[in-house]
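Peer 1: For reference, the structure I am asking about is given below.
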Ligand code: ASP
């Protein structure tokens, strides 16, 4: 049985097949491909896009979806996540989609289930469907000719599962990441990295802006101090129209949620170089393709 825990679970060939399927699902029309299937979603962390995107993908393909409300579930009575998942599995769903703050949890749940697990984000570890939809968006924009494209990944690299999944996936398709972040968000890496966004602007084809992951930082800081930090951060790393005035052909991506005027300025969100909403649409098509792969193929 196949699970989707990280992008490394998929070969290049399998990913290209997912893209072919996603293209067929691009209009997000309904079909009965997953009729009779039942999918459970279990989100222990907040989510707007990923949860609704998975649910819409499943329903568009004719599956039924049960969203377990974790705040009222037995994990609140002291049950372990492993036991919760084993009990859900005993009700014979066709797939379980899980998001949790613990890195590696979806991987460790594999031995508790007899259906595919889809990782919808585990801590700062991985967010495979996000990276797949990101690559798919890039792939479509360049009609498949993505080899040699340079991508600046800007923001809280150290705490972003979107960054880590993209860093596994994009180089396999010949893209060159350049990591741009303040020193405190840097990671040890084989990729080029810099603190200076302006310096790399004329070298890159794509900018992927990321949100600062305050919820994953160890120390809580005072609200006033946080406001100062946000201002300082945005001065150096906010993607604005002014900053990209000479980059006519660049494309801008962001996985959401966007912190407006900190990650990306209002005017740049509206700009035609922004792919942010296209990413959201592509996310449903990619998740439809992933569900087809794990539940039907
Ligand atoms: N939505 C993405 C995630 O779940 C990015 C973010 O939260 O900043 O990782």
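Peer 1: Using helices alone, what [θ] at 222 nm do you get for the chain, with -39,500 (n - 2.57) per DSSP H run of 4 or more residues, divided over all residues and rounded to the nearest 500?
Peer 2: Only helices count here, giving -10500 deg cm²/dmol.
Peer 1: For segment 252-297 and segment 182-217, compute the distance between their C-alpha centroids and round to whole Å.
Peer 2: 19 Å
Peer 1: Using a 10 Å cut-off on Cβ atoms, rank the peptides 149-159, 98-108 from the highest mean neighbour count down.
Peer 2: Highest-to-lowest ranking by the protection proxy: 149-159, 98-108.
Peer 1: Additional query: In which sequence would 217, 127 go, from the one with the fewest C-beta neighbours within 10 Å to the one with the most? Walk me through the intermediate numbers first.
Peer 2: Details: 217 14, 127 27.
Listing 217, 127 from fewest to most nearby Cβ atoms yields 217, 127.
Peer 1: Does segment 42-99 classify as rounded, prolate or oblate by the C-alpha gyration tensor (a ≥ b ≥ c root eigenvalues; a/c under 1.5 gives rounded; else a/b over b/c gives prolate, otherwise oblate)?
Peer 2: oblate
Peer 1: Tell me the angle of helix 49-60 to the major Cα principal axis of the chain, expressed in degrees between 0 and 90 and rounded to the nearest ten.
Peer 2: 50 degrees
Peer 1: Once the Cβ-Cβ distance between residue 46 and residue 12 is put in as r, and R0 is 30 Å, what FRET efficiency do you end up with, to the nearest 0.05?
Peer 2: Efficiency, from the Cβ-Cβ distance: 0.40.
Peer 1: Under a plain spin-label model, where a point goes 7 Å from the Cα along Cα-to-Cβ, how far apart in nm are residue 20 and residue 77?
Peer 2: 4.9 nm
Peer 1: With contacts defined as alpha carbon pairs under 8 Å and 6 or more residues apart, what's the relative contact order of the chain in percent?
Peer 2: 21 percent
Peer 1: Roughly how tilted is helix 128-141, in degrees to the nearest 10 and between 0 and 90, from the longest Cα axis of the chain?
Peer 2: 60 degrees
Peer 1: Describe numerically, in nm with one decimal, the distance between label points set 7 Å from Cα along Cα→Cβ at residue 147 and at residue 29.
Peer 2: Rounded to a tenth, the inter-label distance reads 3.5 nm.
Peer 1: Mind sorting 72, 80 by how few other Cβ atoms lie within 10 Å of their own Cβ, fewest first?
Peer 2: Numbers: 72 8, 80 11.
Result, fewest neighbours first: 72, 80.
Peer 1: Separate question: Nearest 5 is fine: what % of DSSP beta bridges in the chain come out antiparallel, could you say? Walk me through the intermediate numbers first.
Peer 2: Working: 1 of 34 bridges.
Close to 5 percent.
Peer 1: For residue 277 and residue 245 in the same chain, what is the full-extension length gain: residue separation times 0.36 nm, less their Cα-Cα distance, in nm?
Peer 2: This chain segment gains 9.4 nm when fully extended.
Peer 1: Relative to the longest principal axis of the C-alpha atoms of the chain, give the angle of the C-alpha long axis of helix 223-237, reported between 0 and 90° and rounded to the nearest 10°.
Peer 2: Computed tilt is about 70 degrees.
Peer 1: Put a dot 7 Å past each Cα toward the Cβ at residue 297 and residue 186; how far apart are the dots in nm?
Peer 2: In this crude label model, residue 186 to residue 297 measures out at 4.0 nm.
Read the figures in this text as sums done on the coordinates, not as results from a lab. Here the structure is a predicted model, which means the values were calculated and not measured. Positions of Cβ are backbone-derived with ideal geometry, glycine not excepted, and every protein chain shown enters the neighbour counts.
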